[in-house]
Amino acid sequence: MMARTLMIIGALVFAAGLLVYVAGKLHIPLGRLPGDITIRGRNTTFYFPIVTCLLLSLLYSLAVWILRRK
């Protein structure tokens with residue numbers, strides 16, 4: 001059971017990485033959307049992609065809703 005769960009988690013992480021890679025190749029600014037917070041200091045940079053997180057959460061919720069609707 002644990003091996004199957006780890007394989008599913010690995011597949012999901014792989015799919016997320018593939019999505020980010022393909023989005024970059026298609027010039028979709030996933031992770032650099034308007035509203036994402038970037039604060040640059042002299043020696044540090046703080047980056048929080050809040051809008052990207054909200055968008056991905058919305059897409060995930062929509063996918064789960066569609067799959068459970070059967």
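The values are calculated or read from the model by the stated rules, or taken from the named source; none is laboratory data. The structure displayed is predicted, hence computed values, not measured ones. No Cβ is skipped: glycine too gets one built from the backbone with ideal geometry, and neighbour counts run over all protein chains shown. Surface accessibility is based on the protein's heavy atoms, side chains included, excluding ligands, DNA and RNA. Shrake-Rupley method; radii C 1.70, N 1.55, O 1.52, S 1.80 Å.
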Checklist entry - Looking only at Val13, Val22, Val51, which one moves most when the chain is put into a Gaussian network model with springs between Cα atoms under 10 Å? => result Val13
Next on the checklist: Springs between alpha-carbon pairs under 10 angstrom, Gaussian network model over the chain: which of Leu30, Leu55, Leu12 fluctuates most?
Outcome noted: Leu12
Next on the checklist: Solvent-accessible area of Tyr47, probe 1.4 Å, all protein chains present, reported in Å² to the nearest ten, please.
Outcome noted: 90 Å²
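So what is the accessible area of the chain per residue, in Å², with the probe set to 1.4 Å?
Each residue of the chain exposes 93 Å² on average to a 1.4 Å probe.
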Checklist outcome for this item: Longest principal axis of the chain (C-alpha) makes with the long axis of helix 50-68 (C-alpha) an angle, in degrees to the nearest 10, of 10 degrees
Item to check | For region 29-68, average projected area of the Cα convex hull in nm² | outcome: 3.2 nm²
Checklist entry - Hey, if you put +1 on the Cβ of every Lys and Arg and -1 on every Asp and Glu Cβ in the chain, which of Ile28, Leu6, Leu54 ends up farthest toward the positive end of that dipole? => result Leu6
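In debye, nearest 20, what is the charge dipole magnitude of the chain about its Cα centre with +1 on Lys and Arg Cβ and -1 on Asp and Glu Cβ, if you could check? Mind dumping the intermediate values first?
Values: 8 positive and 1 negative charges, 27 e Å.
With only Lys, Arg, Asp and Glu charged at Cβ, the dipole is about 120 debye.
Return the carbon/sulfur percentage of the accessible area of the chain, one whole number, probe 1.4 Å, all protein chains in place. Spell out each step's value before the answer.
Working: 4680 of 6520 Å².
In the chain, the share of accessible area belonging to carbon and sulfur is 72 percent.
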Checklist entry - Based solely on its DSSP helices, what 222 nm [θ] is calculated for the chain when runs of n ≥ 4 H residues each add -39,500 (n - 2.57) and the sum is averaged over all residues, nearest 500 deg cm²/dmol? => result -21500 deg cm²/dmol
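Quick one: plug the Kirkwood hydrodynamic radius of the chain (C-alpha pairs) into Stokes-Einstein at 10 °C, 1.306 mPa s, and report D in µm²/s. Working shown, then result.
Numbers: Rh = 14.5 Å.
Value of D from the Cα-based Kirkwood radius: 109 µm²/s.
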